[in-house]
1. Scan the range 436-476 for residues that are part of a loop (DSSP other than H, G, I, E, B) and among the charged types (D, E, K, R) and jot them down.
2. Here are some residues: Pro250, Pro260, Pro241. Which one is out of contact with any helix residue (DSSP H, G or I) (no Cβ under 8 Å at 6 or more places or on another chain), over 30 Å from Arg419 (Cβ atoms) and touching a residue at least 24 places away in the same chain (Cβ under 8 Å)?
3. Considering only the range 244-360, give the strands (runs of 3 or more DSSP E) lying wholly within it that have at least 2 residues that are closer than 27 Å to Pro449 by Cα, modelled with pLDDT under 85 and not assigned by TED's automatic domain parsing to the domain that holds Ala454.
4. Quick check on my filter: what residues within the range 390-419 are assigned to a strand (DSSP E or B) and either among the acidic types (Asp, Glu) or surrounded by fewer than 24 Cβ atoms within 10 Å (Cβ to Cβ) (or both)?
5. So Leu11 ticks every box in (1) closer than 24 Å to His333 by Cβ; (2) assigned to a helix (DSSP H, G or I); (3) at pLDDT 70 or above but one. Which box is left unticked?
6. Considering only residues that are of a type in the set (A, V, I, L, M, F, W, C) and modelled with pLDDT of 95 or more, look in the range 213-227 and name the one that is farthest from Tyr149 (Cα to Cα).
7. Mind listing whichever residues of the range 446-460 are under 26 Å from Pro425 (Cβ atoms) and surrounded by 23 or more Cβ atoms within 10 Å (Cβ to Cβ)?
8. Restricting attention to the range 29-60, report how many residues are farther than 12 Å from Trp84 by Cα, in a loop (DSSP other than H, G, I, E, B) and modelled with pLDDT under 80.
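The values are calculated or read from the model by the stated rules, or taken from the named source; none is laboratory data. Keep in mind that what you see is a predicted model, and the values were worked out from it rather than measured. Every residue, glycine as well, gets a Cβ built from its backbone with ideal geometry; the counts of neighbours run over all protein chains shown.
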Amino acid sequence: MTTSSPDTAFLILTRAGFADIGARIVPAGASLYLNPGVASAADVAQLEAAGARVAVLPQALPREASGQFEQVLRAAGLPAGRLWIEHPEKVPAPAPTFAPVSEPVQAQAVPGEPALHERLAWRAGRFASAALRRLRSVGSDRPLLVLPYLGFGNAHMLWIRGRVLDEASFREQTGQDSSWSNLVALYHRLEADEVAGARVVAQFDGRSWDTVTDGGGYFEFRIESAAALAGGSHRVNLELPDWRGADGAPIRASAEAFVPAATARFGIISDIDDTVLWTNVTNKLNMVLMLARTNAHTRKPFKGVAAFYRALRDGASGNEDNPMFYVSSSPWHLFGFLVDFLRLQGIPVGPLLLRELGLRDVLKPSNHGSHKRDKIELILRFYPDMQFVLIGDSGEKDPEIYADIVRRHPHAVRMIYIRNVNPDPARIEALDRLIEEVSSTGAQLILAPDSVFAASHAAAEGLIRVDRLAGVRSDKKEDDSLLPSV
């Protein structure tokens, strides 16, 4: 038997798995998450008396889900050493007996893994194969869900994107949800079946457009308007004409697209992870595990970011209504979570341009950068006469991506704010070179330790009102009591 690290969790799906893990570990310090019915009340009491933390899942994860679930986590980059997931055996094992151990044995080291790109290729291949086996095609009688994302546009064209899925068993989450309620909700988001080849019709201003969903269930429209579109929100009606709901009518949804107000002086394009949403990626704390432990009600924004973004939206006059865009490598599966998070935390909501989670995207080492660059380029094409403030962090490649955007579009970028989350001297030296390069174009790249520093600079540059600094400082102080310092 081996001891368990305090932050190691075991996901047990069957009675046989419960027996097997009982023969392998010392209960003290273990965290066991069990499918309903796996253990009796007496078993649970015995484990807790021996020092284990035991929780029963609010609903059962199916036996066949273990492989898929593991691959979803692994494809997203999860280090596997702290989460053990049962792969059920065909032959059941006897019930476990936990005996006290006077001298616990040191935990076995996890064998070394192949190189990162090899692990990603293998995991992505397994995950993609499972996803392809689940792919739905037109003709099934199961109910479908049209999931439109927030779109955007200019005076002449709207950009709409969305996805068609099997109607998923999503439910509203609350601040009282347990960690494993969040985990089950995350699983359902990631395993929702996509529908390929479904015809989608968009209707706007008396005109219609149609397309079909791709292999991932995604659809996209670029809707040209006969008349100039005013600033604000515009609704586009969506319909699946070849499918019927429970009432016999075609399945419908409504998409929302934002056109910047005439008062807007500049736009804001922001990263999400380690810029808006605290994930601590540079310390290997994976987004998926964080989502499994929390939800939109319990996650917190980075220090002071909510007040800073509100100040940027309002601008120097206080009522500019500058448009917000979020470009992230997070998958589209998390769109609902991220929008809920922004709204609940008082952060200005804007269109999110996320990433398709597929084999091609996971395998390409340069995809993180190319995805962000491509989406920023898309935004700039819609607003050729608008300047932008770009916001990111130093943990990955945001500074390099933004500097490349400045090279390509030297007049489109007014300011770059980079949250410094990587204190490595070599990284700081590389950023100093980028700062010098960007400054030669007339733009600025500012390396900021926190939102107060960035907001103070923005006020001095006339991007926000000076009297909004107090709100940013207050927002940061509240966050200081909740989040680690950086």
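1. Across the range 436-476, the qualifying residues are Asp450, Glu461, Arg465.
2. Pro241
3. Where strands (runs of 3 or more DSSP E) fall fully within the range 244-360, none carries at least 2 residues being closer than 27 Å to Pro449 by Cα, modelled with pLDDT under 85 and not assigned by TED's automatic domain parsing to the domain that holds Ala454.
4. Passing the criteria: Asp393, Arg414, Met415.
5. It fails just one condition, (2).
6. Within the range 213-227, the match that is farthest from Tyr149 (Cα to Cα) is Ile223.
7. Scanning the range 446-460 gives Ser451, Ala454.
8. Residues in the range 29-60 being farther than 12 Å from Trp84 by Cα, in a loop (DSSP other than H, G, I, E, B) and modelled with pLDDT under 80: 5 in total.
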